[in-house]
Amino acid sequence: MGESCAVGFGVPGLLGDEDYMRALVTGGSGFVGYHVTRALLEQGVQVSVLVRPTSDRSALANLPVNLVIGTLDDEPSLVQAVRNMDLLFHVAADYRLWVPNYGAMYDVNVSGTLRLLRAAVTAGVSRIVYTSSAVTVACPPGQLGTEQDFLPLAACRSGYQRTKVLAEEAVWHLIKQGAPITIVNPSTPIGAGDRRPTPTGKLIVDFLNGNLPAYLDARFNWVSVEDVAVGHWLASTRGRVGERYILGHQNWTLSEFLAVLSEVSGQPAPRIRIPYSVAYAAGAVGELIGKLTRTEPRASLDGVRMARAPMRYDSSKAIKELGLPQSSLRFAAGEAVQWFRQHGYVTKGDRK
């Protein structure tokens, strides 16, 4: 069951041409998935996007894609979706640092992933790219994390991280059984089009709205979302089955990233750096309020715990083997700022 979106993305005859490679993308209406969809279209791939019946499809409205209605908990819809596909890009995930129901996140990130990938293997999909996350990569003390550093389940600091570690373990099991899967591990993508937004996008929105008076100076790896998208395509064409690739770029502290945001937005960066103990206390209070009100708190314990652990990675494997681009992060940050301003996310403060 599918429906076509508008054609005319600059690839004449894309839909209906049997000479084109056919790919299914999950999560195509989300931040990374949307950019993956665009990257595939630019390569002349005939793209179908799996969307939930209730999904906001506005991001896909002007793209020449076929919409396939289905959900990760509905096996018959997945069997139908992967039929006659050459490629599968499983990008969809429940990416939140606070959820009222961990079981629902597990069902999407772990059970749903297994259900979809098994259907794809049975259907004979020739290449599968699974979007994991850099949070499944361990960072040894004083070193950058690499593809060889697997985070133990016991070291997980959030429900999201736990589900991604469990899902990746399940994917490795499928690979050992012969499934043609390549894993990609994006770090912290930034750029335009973060509609939901993701936790990183919320950070940028809070910054622009003046709702970030202080910060916990965590350490992250940052990357342009467009580079991440291209990295997915490269993983399907140049990547090796049974390997994982960190899709990242620059290792910056949060204060360094906020300085870049200040530079590209013209707004001052917060000057107050808070210690972990204060951030933890704020997260505990936010967690309590969230449980009472069933609404996402501004600060959560999972978010604070995640920020405490260094998330600094070495992307040289993806650069060497895939040719992963390393685009300007200042440009990507500027794109994010401009997009949030133009789409009504900045409601107070300097809206330039």
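Taking a cut-off of 27 Å between Cα atoms, list the lysines near Lys202, but don't count ones fewer than 8 places away on the same chain.
Lys164, Lys291, Lys348, Lys352
For the chain, restrict the atom set to alpha-carbon positions and state the Rg and Dmax in Å.
That works out to 19.7, 59 Å for Rg and Dmax.
Take the Cα radius of gyration of the range 244-351 and divide it by 2.2 N^0.38 Å, with N its residue count; two decimals is plenty.
Working: Rg = 17.2 Å, N = 108, 2.2 N^0.38 = 13.0 Å.
Computed over Cα atoms of the range 244-351, the ratio equals 1.32.
For the range 107-170, what are Rg and Dmax over the alpha carbons, in angstrom?
Cα-based Rg and Dmax for the range 107-170 come out at 13.5, 44 Å.
Can you give me the orientation-averaged projected area of the convex hull built on the Cα atoms of the range 197-310, in nm²?
On the way: hull surface 35.5 nm².
About 8.9 nm², averaged over all directions.
Restrict the search to the range 215-301; then list the trypsin sites (Lys or Arg not before Pro) that DSSP places in a loop and that have at most 11 other Cβ atoms within 10 Å of their Cβ. Write out the running numbers ahead of the final one.
Details: sites: Arg219, Arg238, Arg240, Arg244, Arg271, Arg273, Lys291, Arg294, Arg298; in loops: Arg238, Arg240, Arg271, Arg294, Arg298.
The qualifying sites are Arg240, Arg271, Arg294.
Under 5 Å between amide hydrogens, which residues at least 5 positions from Gly145 or on another chain qualify, with H placed 1.01 Å from N in the peptide plane?
Arg312, Tyr313, Asp314
Under 5 Å between amide hydrogens, which residues at least 5 positions from Leu67 or on another chain qualify, with H placed 1.01 Å from N in the peptide plane?
Counting only residues 5 or more places away or on other chains, the set is Glu3, Ser4, Cys5, Val49.
If you average the sequence gap of Cα pairs under 8 Å that are 6 or more apart and divide by the length of the range 204-352, what percent do you get for the contact order?
Details: 195 pairs, mean separation 61.4, N = 149.
It rounds to 41 percent for the range 204-352.
If you average the C-alpha positions of the range 182-244 and of the range 289-345 separately, how far apart do those two centres end up, in angstrom?
Taking the Cα centre of each part, the range 182-244 and the range 289-345 sit 5 Å apart.
Residue by residue, what Karplus-based ³J(HN,Hα) values in Hz, rounded to whole numbers, does the range 77-89 have, using 6.51, -1.76 and 1.60 with θ = phi - 60° and x for Gly and Pro?
5, 6, 4, 5, 5, 8, 4, 6, 8, 8, 10, 10, 10
Given the options Leu41, Leu254, Leu292, state which has the largest fluctuation in a GNM of the chain using a 10 Å cut-off (strictly under) for Cα springs.
Result: Leu292 has the largest fluctuation of those listed.
Over the range 275-351, what is the mean sequence separation of C-alpha contacts under 8 Å (at least six apart), divided by residue count, expressed as relative contact order in percent? Mind dumping the intermediate values first?
Numbers: 32 pairs, mean separation 15.1, N = 77.
Relative CO of the range 275-351 lands at 20 percent.
Once you charge only the Cβ atoms, +1 for Lys and Arg and -1 for Asp and Glu, what is the size of the charge dipole of the chain about its Cα centre, to the nearest 20 debye?
Dipole size: approximately 820 debye.
Got the relative contact order for the chain handy, in percent, Cα pairs under 8 Å and 6 or more residues apart? Could you put the intermediate results ahead of the total?
Details: 696 pairs, mean separation 63.4, N = 352.
Relative contact order for the chain comes out at 18 percent.
Hey, how many Å between the Cα centroid of the range 74-91 and the Cα centroid of the range 42-64?
Distance between centres, Cα-based: 14 Å.
Ordered by packing density, taken as the mean number of other Cβ atoms within 10 Å over each peptide's residues, highest first, how do 222-233, 84-95 rank? Could the numbers behind the result be given before it?
On the way: 222-233: 25.8, 84-95: 22.7.
Top of the packing list down: 222-233, 84-95.
From the phi angles alone, apply the Karplus equation (6.51, -1.76, 1.60; θ = phi - 60°) to the range 205-211 and give each ³J(HN,Hα) in whole Hz, x where the residue is Gly or Pro.
Those phi angles translate into 5, 4, 4, 5, 8, x, 9 Hz.
Ratio of alpha-carbon Rg to the 2.2 N^0.38 Å globular estimate for the range 156-243, to two decimals, please.
Against the empirical 2.2 N^0.38 Å value, I get 1.36 for the range 156-243.
With unit charges on the beta carbons (Lys and Arg positive, Asp and Glu negative) and the dipole taken about the Cα centre of the range 187-318, which residue among Tyr313, Pro297, Gly191 sits farthest to the positive side?
Projecting each Cα onto the dipole axis, the largest value belongs to Pro297.
Kindly express, to the nearest 10 degrees and within the range 0 to 90, the angle between helix 113-123's C-alpha long axis and the longest C-alpha principal axis of the chain.
Result, in degrees: 20.
Laboratory data are not the source of any read-out in this text; all were calculated from the coordinates shown. Source: prediction; values computed, not measured. No Cβ is skipped: glycine too gets one built from the backbone with ideal geometry, and neighbour counts run over all protein chains shown.
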